[in-house]
Amino acid sequence: MADARELMVHNFSERLLDTVVHFHIMKMKDSLLIWIGKKAELNSLSVAMCTKYASTPAVTNLLGDVSDVTSNTLAQKLAKKLKKQCFISYNLPPGNNLHSLVETRLVKEIENKPNHF
């Protein structure tokens with residue numbers, strides 16, 4: 001039977017630029033899945049992980065528009081920061097100013113509640 005501590009779920013929301021952004025974090029044994037969006041949809045999914053071959057984590061797009069690299073970029077940054085495999089689903093419109101605010105808010109949550117990550 002799996003240890004219950006191998007899976008932890010953490011949710012929070014924040015109003016950023018008049019948009020309520022929801023964050024859903026699933027912490028697993030050696031990885032994270034972070035979903036970010038304003039409504040229930042899964043339009044993108046990327047994964048990044050550190051390797052012994054490069055200082056920059058390897059990243060790939062699993063789902064969604066390959067020209068939108070928002071999920072890839074965030075997955076790479078978090079994999080490097082947290083030293084674990086990170087799946088990121090970023091479901092907010094591209095081209096707005098939310099991305100930097102979302103990233104700042106997520107980093108703040110990581111710093112304030114590291115046990116959830």
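The values are calculated or read from the model by the stated rules, or taken from the named source; none is laboratory data. Computed from a prediction, not measured in an experiment: that's the story for all the values here. We place every Cβ from the backbone using ideal geometry, glycine too, and count neighbours over all the protein chains shown.
Numerical summary
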item	result
Leading residue by the ranking (farthest from His116 (Cα to Cα)) among those in segment 56-91 that are in a loop (DSSP other than H, G, I, E, B) and modelled with pLDDT of 95 or more	Thr56
Count - residues of segment 1-37 that are out of contact with any helix residue (DSSP H, G or I) (no Cβ under 8 Å at 6 or more places or on another chain) and modelled with pLDDT of 95 or more	12
